Amino acid sequence: MAQQPEPPVTKKPIPAIVINEGAAYGPFDLKDYIETPNEESGRLHFVAGLDSADSLPKGLICTDDGLFGGIPATGTIGDYRVVVIVENDSEDPLLVEFDLTIKPRIAIDDPAILSDLKSDVWKALGENLPIPEMNSLINRPITAIEIYYLLQRFAVLTIWDIYNLEAPSEKTLLKLPDLNEHYQIYDRGSCLVVAPKDLFSYTRTLEHALQASRVLAREVYKRGWTIEFAGFNKMIRAAWVELQIEGDKNGKQLEIVHYSPTPDDLKLYGARAQAKGPTI
């Protein structure tokens, strides 16, 4: 006897998202968090907006098949509550929500240098002239924002077992559930390390780094270490929040040394805890 179509269900809460105005984000696949119960229930269809009944902030979209992302436009800075309606062949849609924060734009200092150089290069190519000298760009001082961008692109996170005083051993690749295809996690005895598979991948996003950090945090929690973080700050935040969630769920928090949560850490933790309920 054929099964009847059943409404979509939530596999796990959608985490809060924090991005910068003008920065590319995603695609973030909502199907990782929502599923259809059986084949008879049909394909999932997604529509997203804000709880104020407004559309998503300009520059962001949610496709029919659940890919969320884009580049937040100028003037979109703020805190939002995103409402996602998910439908399949059943008569009962699923409504899920998550928090979205758009922060101020991260801009490269003195963009006039880059703009003028780009204009000169295109002009030279169009008129078949020699390419302009790039000494002004090459010799320009590197800014803190540019260093931060590189840290984000090549982000890694190490979590140390501080009571294990041995030097890190040879790395052993861990096969952990839910880890995305862009990151690997290594066991080095006194620490666990999460790092990109391909440093120069153009498909790897910040969300992949954060998701891998959460997987790493869950593995560390299982080991019951007293820990210390080292690595990219946004990955540390994701790991810290995940550890709090695991501690709430299991009734015991891990001891974390040399780290004080920031207001943003606490905000994301509060949003995750509220989404999961009192026992997450």
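If you keep only loop residues by DSSP, which chymotrypsin sites (Phe, Trp or Tyr not before Pro) in region 145-230 have at most 15 other Cβ atoms within 10 Å of their Cβ?
On the way: sites: Tyr148, Tyr149, Phe154, Trp160, Tyr163, Tyr183, Tyr186, Phe200, Tyr202, Tyr221, Trp225, Phe229; in loops: Phe154, Tyr163, Phe200, Tyr202, Trp225.
When the chymotrypsin sites (Phe, Trp or Tyr not before Pro) of region 145-230 are filtered for loop state and at most 15 Cβ neighbours within 10 Å, Phe154, Tyr163, Phe200, Tyr202 remain.
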Given Cβ charges of +1 for Lys and Arg and -1 for Asp and Glu, the option among His258, Val121, Ala212 whose Cα lies farthest towards the positive end of the dipole of the chain is His258
Distance in nm between label sites at Thr262 and Thr10, each 7 Å beyond Cα in the beta-carbon direction? 2.7 nm
If you keep only loop residues by DSSP, which GluC sites (Glu not before Pro) in region 221-280 have at most 14 other Cβ atoms within 10 Å of their Cβ? Glu255
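How high is the relative contact order of region 155-276, in percent, counting Cα pairs under 8 Å that sit 6 or more residues apart? If you can, show how the numbers build up before the last one.
Working: 187 pairs, mean separation 32.0, N = 122.
It rounds to 26 percent for region 155-276.
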Take the alpha-carbon centre of region 208-232, take the same for region 234-258, and report the distance between them in whole Å. 8 Å
For Cα pairs less than 8 Å apart in space and 6+ apart in sequence, what is the mean separation divided by the residue count of region 177-220, i.e. the relative contact order in percent? 44 percent
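Evaluate E = 1/(1 + (r/R0)^6) for Asp79 and Lys31, where r is the Cβ-Cβ distance and R0 equals 22 Å; express this FRET efficiency to the nearest 0.05. Don't skip to the answer; put the middle values down first.
On the way: r = 25 Å, r/R0 = 1.15.
Calculated transfer efficiency: 0.30.
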Which residue, Ile185, Tyr202, Phe229, has the largest displacement toward the positive end of the dipole of region 155-276 when charges sit on each Cβ (Lys, Arg +1; Asp, Glu -1)? Tyr202
Loop-only trypsin sites (Lys or Arg not before Pro) in region 214-278, please: DSSP not H, G, I, E or B, and at most 12 other Cβ atoms within 10 Å. Lys252
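Values in this text are rule-based calculations from the coordinates and carry no lab data. The structure presented is a predicted model; accordingly, all values stated were derived computationally and were not measured. Backbone-built Cβ (ideal geometry, glycine too); neighbour counts: all protein chains shown.
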